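To start, the structure itself, in structure tokens.
The values are calculated or read from the model by the stated rules, or taken from the named source; none is laboratory data. Remember, predicted model here, so these are calculated numbers, not experimental data. Methodologically, a virtual Cβ is constructed for each residue, glycine included, from the backbone with ideal geometry; neighbour enumeration extends over all protein chains shown. When the accessible area is computed, the model is the full protein with side chains, heavy atoms only, and any ligands, DNA or RNA have been set aside. Shrake-Rupley method; radii C 1.70, N 1.55, O 1.52, S 1.80 Å.
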Amino acid sequence: MKKFSFIIVLFILVIGGFLAWWLNGTAAVNPLNKDQKSFSIKKGEGVRAVANNLKAQGLIKDPVIFYLVVRRLGIDSKIQAGDFFISPSLNATEVAKALQTGTYDVRIVIPEGKRAEEVADILRERVGSYNESWRAKLTLNEGYLFPDTYSFPKDVNIDQVISVMRDNFEAKYSQIEKDGGLNLSKKDVVILASMVEREAKHDQDRPIVASVLFNRLNADMPLYIDATIQYAIGTPKKWWPTLTDTGGNVAPNSPYNTYTHAGLPPTPISNPGIEVIKAVLNPAKTNYLYYITDKSGTNRYGRSLEEHNANIKKYGL
């Protein structure tokens, strides 16, 4: 009789423990947090990998239970590859159902080197929910609106757009191997990369242009970057005017005028791609202090003002 009672008690404890584990594991991570986080499923990813990624991003409590929920609902094959907005306030069943239907129906390409206003122009043309209040918010995130191909729902809001782009930037940035000798903040890296993106047209020039900027900074020289002046004087009519377009208006008092103001500009001037960021974090080792871009778009470098002037004369600039 005692043995039978022990078995009953043990059975109740096991069932109770299982129920407690199940109820906790299926509950929302944070019922009060209604914010939506971007979540991506790659083509070919299985439910187990999806569950582990959801757990890593703080969107479910238990990947094993999530896997079991998906199997119980019979939707293993219905979970789609794509990008989703998932809230920590959803329970495991709600998350599983949300992943069955792709929510995105507008595909947008953001090229490298665009300034925030140009990103706003692209969104204005492609996203039905766009309004002009987005432009100021995008500008506040200059440099971190990572250039890539995105898919957004037609009713996406600006906070979601910025969240997806910045999350993409952070993911890409964290994967780059950095030169251990550089003592740079992330902000400085992005500012430098935003200038190199505008100044170097070819892949091979990027680490060399980066080295020129570092050499100038180390020599306490102004950076002499035309693109920063273009950024200061650009208008909706022409976001990147040539200096001759402006009739001599080069904004001498602007902190973005790197001819009249030493050091880095206060913010990035464009949104750089991954290869340019790599070039800044792993610059070439050179003694160059000057460069020009010839008519073919090729950069010509000089170690002194004399070499620089000779390049100007030789390449007809």
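Consider region 240-261. How many of its residues are at pLDDT 85 or above and under 18 Å from Glu199 (Cα atoms)? Residues that pass the stated criteria total 6.
The criterion of being in contact with a strand residue (DSSP E or B) (Cβ under 6 Å, 6 or more places away or on another chain) and either outside any loop (DSSP other than H, G, I, E, B) or closer than 21 Å to Ile292 by Cβ (or both) does not hold for Asp188.
Does region 230-245 contain at least one residue that is crowded, with 18+ Cβ neighbours inside 10 Å, in contact (Cβ under 8 Å) with a residue 24 or more places away in the chain and under 21 Å from Phe169 (Cβ atoms)? Checked region 230-245: at least one residue is crowded, with 18+ Cβ neighbours inside 10 Å, in contact (Cβ under 8 Å) with a residue 24 or more places away in the chain and under 21 Å from Phe169 (Cβ atoms).
When the helices (runs of 4 or more DSSP H) confined to region 1-99 are screened for residues that are open to solvent by 50 Å² or more (accessible area, probe 1.4 Å) and modelled with pLDDT under 80, those reaching at least 1 such residues are found at 2-26. Tell me, please, whether a residue that is outside any loop (DSSP other than H, G, I, E, B) and touching a Gly at 6+ places or on another chain (Cβ under 6 Å) can be found in region 270-285. Taking every residue of region 270-285 in turn, none turns out to be outside any loop (DSSP other than H, G, I, E, B) and touching a Gly at 6+ places or on another chain (Cβ under 6 Å). Note on region 108-140: residues that are among the β-branched types (Val, Ile, Thr), in contact with a strand residue (DSSP E or B) (Cβ under 9 Å, 6 or more places away or on another chain) and either open to solvent by 70 Å² or more (accessible area, probe 1.4 Å) or assigned to a helix (DSSP H, G or I) (or both) amount to 2. Here Pro266 clears all of (1) within 21 Å of the chain's Cα centre (by Cα); (2) surrounded by fewer than 19 Cβ atoms within 10 Å (Cβ to Cβ); (3) in contact (Cβ under 8 Å) with a residue 60 or more places away in the chain except the condition numbered (3). Residues in region 141-191 that are among the small types (Gly, Ala, Ser) and loosely packed, with under 15 Cβ neighbours inside 10 Å: Ala171, Ser174, Gly180, Gly181, Ser185.
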